[in-house]
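The values are calculated or read from the model by the stated rules, or taken from the named source; none is laboratory data. These figures come from a predicted structure and were not determined experimentally. FYI the Cβ positions are ideal-geometry reconstructions off the backbone, even for glycines, and counts take in every protein chain you see. Areas reflect the complete protein model, heavy atoms only, side chains present, ligands, DNA and RNA absent. Shrake-Rupley method; radii C 1.70, N 1.55, O 1.52, S 1.80 Å.
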Amino acid sequence: MKAAADTAEAYRHCERVTRSRAANFYYGIRLLPPEKRRAMCAVYAFARRVDDIGDGPLEREEKLRLLDAEQRGLAESRDARPDACPPRADPVMVALADAEERFSLPPDALVELIEGVRMDVDGQVYESFEELVLYCRRVAGAIGRVCLAIFAAHGPANSAGPPAGRLEAEQLADDLGVAMQLTNILRDLREDAENGRAYLPAEDLRRFGLIAGGQERLAPTVLASLARVAGDPSPSANGRPNEEVGWLVALVRFEADRAQQWFHRGLALAPLLDRRSAACVLAMAGIYRRLLDQIASHPEQALGERMSLPMREKAWVAARVMLVGGR
């Protein structure tokens, strides 16, 4: 009874974290039945903690040490029995271990998330879009595959289905994760530049005239340019449009169109799921797509501030999904 009570409290802790921190995902998660909702909250609480390490103020070596500890915790949670957890165990790991047992979560996916955050900590920059996709697959596509295991536990894409169908669903979940991460990158363009990070591929920055030369100039040149332009997306002193702003606006629209293509492919996942799991996917993706539409329609505003949807609009998207099947 004690272990069961500890597990229940661990899930409640993860649900509190998700309600307070998951600005977009919680609107979809809440559409799931209780067992799946709890498992999703456990996954989110772990992912949030790993992301906070990467985004926090600690020195690089300390961040890497903490990420190593999280990876060891994953291995230990897979080996431990949830019903035998010590009373003072980490609630996130307790809940995650229980979710892994109930839903057979893919063992390597959350390790991939940690690898993606290590890329952030190391300040990696991206020469090509293919390199950026690898990062997106690690930090977001991997979470999509974990979610799929939870969604599909009792649905059309479960293990009783043909292996080809499962592989297709995993690829689509991965694609949807890439779409959402590309949206995050565009939403956080100014903030990331100010914090010394550049995600947009160098090949695209060269295509739109924002940098020149080889990758050795990428980090200092791009960060200085993005921080300057995003910090002041207004006409120059003589009243003429800032040329760099025009280039960056065109680039944002280009990348937004690319992200929409990934959404279009990834949303083919929804018909493979049961109704409530599909509603969760459509609600989360719908919120992100509406945000992406706003960024594409008002790129100058996106350069000047971190855009988001009001709570009432997010709630409307989730309600619309349940009523008419989403966008």
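Observations, loosely collected:
- Accessible area, probe 1.4 Å, largest first, for residues L105, L134: L134, L105
- The slack in the chain from R21 to A319, taken as 0.36 nm per residue of separation less the alpha-carbon distance, amounts to 105.2 nm.
- E61 accessible area, assembled protein chains, probe 1.4 Å, Å²: 120 Å²
- Summarising the label geometry, the points placed 7 Å from Cα in the beta-carbon direction at E305 and R12 lie 3.9 nm from one another.
- Residues Y288, Y26 ordered from highest to lowest accessible area at a 1.4 Å probe: Y26, Y288.
- Here the extension length gained between S297 and E35 equals 90.4 nm, from 0.36 nm per residue of separation less the Cα-Cα distance.
- Pairwise centroid distance, computed over Cα atoms, of the stretch 92-131 with the stretch 61-75, Å: 12 Å
- Cβ charges +1 (Lys, Arg) and -1 (Asp, Glu), total dipole of the stretch 248-327, debye: 320 debye
- T7 - accessible surface, heavy atoms, 1.4 Å probe, Å² rounded to 10: 20 Å²
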